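Written out below as structure tokens is the structure these notes cover.
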Amino acid sequence: MGETAAKGTERRRLRVRGTVQGVGFRPFVYRHAVALSLTGFVRNDAEGVLIEAEGPQQAVAELCRVVLECPPPLARVDEVHTTTVAGGRGDDGFRIVESARHGVAAVPVSVDVATCAACLAEVDDPSDRRHRYPFINCTDCGPRYTIVRGVPYDRPGTTMAGFAMCGPCRAEYHDPADRRFHAQPNACPACGPRLRLADAAGAVVAEGDAALDRVVQVLVSGSIVAVKGVGGYHLAADGTDGGAVARLRRRKGRDDKPFALMVADVAQARRLCHLDVAALDALTSPRRPIVLAVRRTGALVAEGVAPGLPELGLMLPYSPLHHLLVAGCGRPLVMTSGNLTDDPIAHLDEDAVARLGPLVDVVLQHDRPIHIRCDDSVLRSAGGRVQMLRRSRGYAPEPMHLPVAALRPLLAVGAELKNTVTVAKGSTMVPSHHIGDLGHLAAYTSFLQATEHLCRLCGVEPEVVVHDLHPEYLSTKFALDLGLETLAVQHHHAHVASCLAEHGRTGPVLGIAFDGHGMGNDGTLWGGEFLLADLGGFERVGHLAPVALPGGAAAVREPWRMAVTWACAAVGRDAAGALGRHLDPRAPQVLALVERDGVLRTTSAGRLFDAVAAIVGIRSRVSYEGQAAIELEALAATVPPEDAVRYPVDVAMTDGVLVLDPAPMIGAVLADMGRGHPPAAVAAGFHRGLAAAVSSAAVDLAGRHGVDTVALSGGVFQNVVLTRAVEGALTRVGLEVLVHRHVPPNDGGISVGQAAIAAAASRR
Ligand code: ZN
Ligand code: ZN
Ligand code: FE
């Protein structure tokens, strides 16, 4: 210690910031440092990774270059700050130093990572001992989050505990110079998990390579197969075989909701969809999400894959098994979650056979257990960027920064639909994977497991539990039953806060939260809100005009009900009656309900889209949430925005609150449909009219309240036509617009917003 460094040698400290923990960064640094004959150490700390490296100047410089220019695949290096340390230490070699946990939610395990190029090369190499091995992995790739049972993250703490490594595997695992140094799921054909093919009753009919060959055979001949993947089971079918896809729909009980496709490579993806740079980046990233992109005319895919929709959901193989399967079949495969309609995805073998057996011809299984189920993530690509719709496998449990640190550990339990939970401690929050719609008992059970697991994994013992204002959400009831301190957060405030949080902001902003609905402060259902908000609170400064929600939940499933409601507001009872009878024989009862005192009222923007979709004849009933709005947007997108008419919206200031009344717009929609205008033109006119009204209201309110930033959130802002029009209009007048990128605008982001609000509250 303290000696002057030998001539020509130096010791440098590298402070590395970015996404550098849980991504194999320390072994990576170690390998390079050892290869360069450097001494010193690498360790994780509260700010990222700290390296001290000592040796010849050239070698130290080379380490700096490698860290900056070719970090491990999952790492994102934002900054490397280097300082020279006076005097050499003369350490005995280079070490990975274990780090104590600091006051942040430390996630000991990374996200699940798609098979890396080096592993794929071995799979393809007939002379490699892992040739065609479906469970190959290394430090840079493989399952992580889905196989970890508890902390610390080492092999006994994972579902690989039952597999004793063979000699060669153990040697790799312990060799710091090897690509598989401390790769917890390391395995080979001699010692690791094995494939097996079961019939629909669960009896094994083939194993290993034979199982794979059989599955390829039956898939290309039109069978439906349950395939055990990384975060759960998929139902697979030949995506070019209309009969197979129709059978899959019928058996799964899924009418129209689009299926995702797994394609072999980028070339195959490009033959199906238009993909820009952002879409390709997302598609090929090691996180391997499903990317929604506009399909090419004449794309060779069965019509039943995404009926009536202009987009297809594509993903690339992300496990070695997927690679072998897709390469073997040589065509796009439907890979949809292995469940019946709204149940959670199956992930346990016996349960999978019980639940999926009746839907499939065979089940492709393996004996590496999945500890926590994790659905595929979904991004939408449009206009040169991508937007997160479902943040799950490949993204969870990656931590995110809180705009203000939480002084007490928190658990935010989200809303009801598309539920996620988020834990937070210090300056870090960790959103969970997608859990699902809590109305279903099985999803609620999954919610309990996920919550417990995430808290344990991140070392968070919550002192405060944050929940939605809605008293009937199961997440709210769960929070209130815990017996801990609770904080209720208004739904749309949470939406706006989720957008603030992902941009590292605290506000104030003008938040525009448009969604299906959420409980308002006044006990009515909100969903078309203008909130002057920061993380500390909000004021409702504007909203859509409230109308009846006839039949509550039934109005969500049956858009014709909202058509009747809005028609009544626009053109009166008689004309609405005439329209209603044409849509559904129960229209007279609904009309009576609409005019009754005490009927549930809503300002929902989502229901306004439903109403217009029903009026233009898209559909009177939906088979999944948001279907009518998605199809209305698709129709509007066929008309260039500048060619669309702009239907009028009434705007009035009532008691200091701006109220936007779309009734005149509905009147114009009805009139143009009556004149025989094409539905696409009417759909585009509706989008343009709404965007114009929302933008001018936002400009007015921002000026009135002295803010220069507008945040767009809520599920309705998944609508690209609307988002682009509003964003464009606001940007042109010099307002800054925050839109979602990494957090879903829908209710999947609610727990993130709740956590940010509660963190701010913890400081008061
Ligand atoms: Zn690998
Ligand atoms: Zn082995
Ligand atoms: Fe919402």
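Annotations for the structure displayed:
- Filtered residues of segment 172-186 (kept if of a type in the set (A, V, I, L, M) and away from ligand 1 (no atom under 12 Å from the Cβ)): 177
- Residue in segment 510-518 that is outside the structural domain of residue 662 (by TED's automatic domain parsing), at pLDDT 95 or above and in contact with a Cys (Cβ under 8 Å, 6 or more places away or on another chain) present: yes
- Cβ-Cβ under 8 Å pairs, at least 6 apart or on other chains, segment 167-184 side without any contact (Cβ under 8 Å) to a residue 12 or more places away in the chain and of a type in the set (Gly, Ala, Ser), far side open to solvent by 20 Å² or more (accessible area, probe 1.4 Å) and not in a helix (DSSP H, G or I): 171/178
- All of (1) in contact with a helix residue (DSSP H, G or I) (Cβ under 9 Å, 6 or more places away or on another chain); (2) part of a helix (DSSP H, G or I); (3) of a type outside the set (A, V, I, L, M, F, W, C); (4) open to solvent by 10 Å² or more (accessible area, probe 1.4 Å) hold for residue 475 with one exception: (4).
- Annotation: of all residues in segment 726-745 being within 19 Å of residue 700 (Cβ to Cβ) and assigned to a loop (DSSP other than H, G, I, E, B), the one that is least open to solvent (accessible area, probe 1.4 Å) is 735.
- Taking segment 242-253 as the range and being surrounded by fewer than 20 Cβ atoms within 10 Å (Cβ to Cβ) and over 10 Å from residue 305 (Cβ atoms) as the test, the residues that pass are 243, 246, 247, 250, 251, 253.
- Residue match in segment 192-213 (condition: among the hydrophobic types (A, V, I, L, M, F, W, C), touching a residue at least 12 places away in the same chain (Cβ under 8 Å) and within 16 Å of ligand 2 (Cβ to nearest atom)): yes
- Test result for residue 231, away from ligand 2 (no atom under 16 Å from the Cβ), more than 23 Å from residue 290 (Cβ to Cβ) and not hydrophobic (A, V, I, L, M, F, W, C): no
- Segment 411-467: number of residues that are charged (D, E, K, R), open to solvent by 40 Å² or more (accessible area, probe 1.4 Å) and part of a loop (DSSP other than H, G, I, E, B): 4
- Here segment 159-179 is the region considered, the condition is being open to solvent by less than 30 Å² (accessible area, probe 1.4 Å) and more than 10 Å from ligand 2 (Cβ to nearest atom), and the residue that is farthest from the chain's Cα centre (by Cα) is 160.
- The residues of segment 713-736 that are over 18 Å from residue 630 (Cα atoms) and either touching a residue at least 24 places away in the same chain (Cβ under 8 Å) or under 19 Å from the mean Cα position of the chain (by Cα) (or both), listed by number, are 729, 730, 733, 734, 735, 736.
- Within segment 265-314, tally of residues that are open to solvent by 40 Å² or more (accessible area, probe 1.4 Å), touching a residue at least 12 places away in the same chain (Cβ under 8 Å) and among the small types (Gly, Ala, Ser): 1
- Selection of segment 161-184 for residues being part of a helix (DSSP H, G or I) and not hydroxyl-bearing (Ser, Thr, Tyr) yields 167, 168, 169, 170, 171, 172, 174.
- Residue match in segment 592-610 (condition: crowded, with 17+ Cβ neighbours inside 10 Å, without any contact (Cβ under 8 Å) to a residue 40 or more places away in the chain and more than 26 Å from residue 718 (Cβ to Cβ)): no
- Looking across 645, 622, 590, 651, one residue alone is more than 16 Å from residue 693 (Cα to Cα) and outside any helix (DSSP H, G or I). It is 622.
- Exactly one residue out of 144, 194, 149, 132 is open to solvent by 30 Å² or more (accessible area, probe 1.4 Å), modelled with pLDDT under 95 and more than 16 Å from ligand 3 (Cβ to nearest atom), and it is 149.
- Filter pass, residue 608 being farther than 19 Å from residue 493 by Cα, assigned to a helix (DSSP H, G or I) and under 27 Å from the mean Cα position of the chain (by Cα): yes
- On inspection, residue 623 fails the criterion of being surrounded by 24 or more Cβ atoms within 10 Å (Cβ to Cβ) and in contact (Cβ under 8 Å) with a residue 60 or more places away in the chain.
The values are calculated or read from the model by the stated rules, or taken from the named source; none is laboratory data. Owing to the predicted nature of the structure, the values given are computational and were not obtained by experimental measurement. So basically every Cβ, Gly included, is an ideal-geometry build from the backbone, and we count neighbours across all protein chains shown. Calculation scope for accessible area: heavy atoms of the full protein, side chains included, ligands and nucleic acids excluded. Shrake-Rupley method; radii C 1.70, N 1.55, O 1.52, S 1.80 Å.
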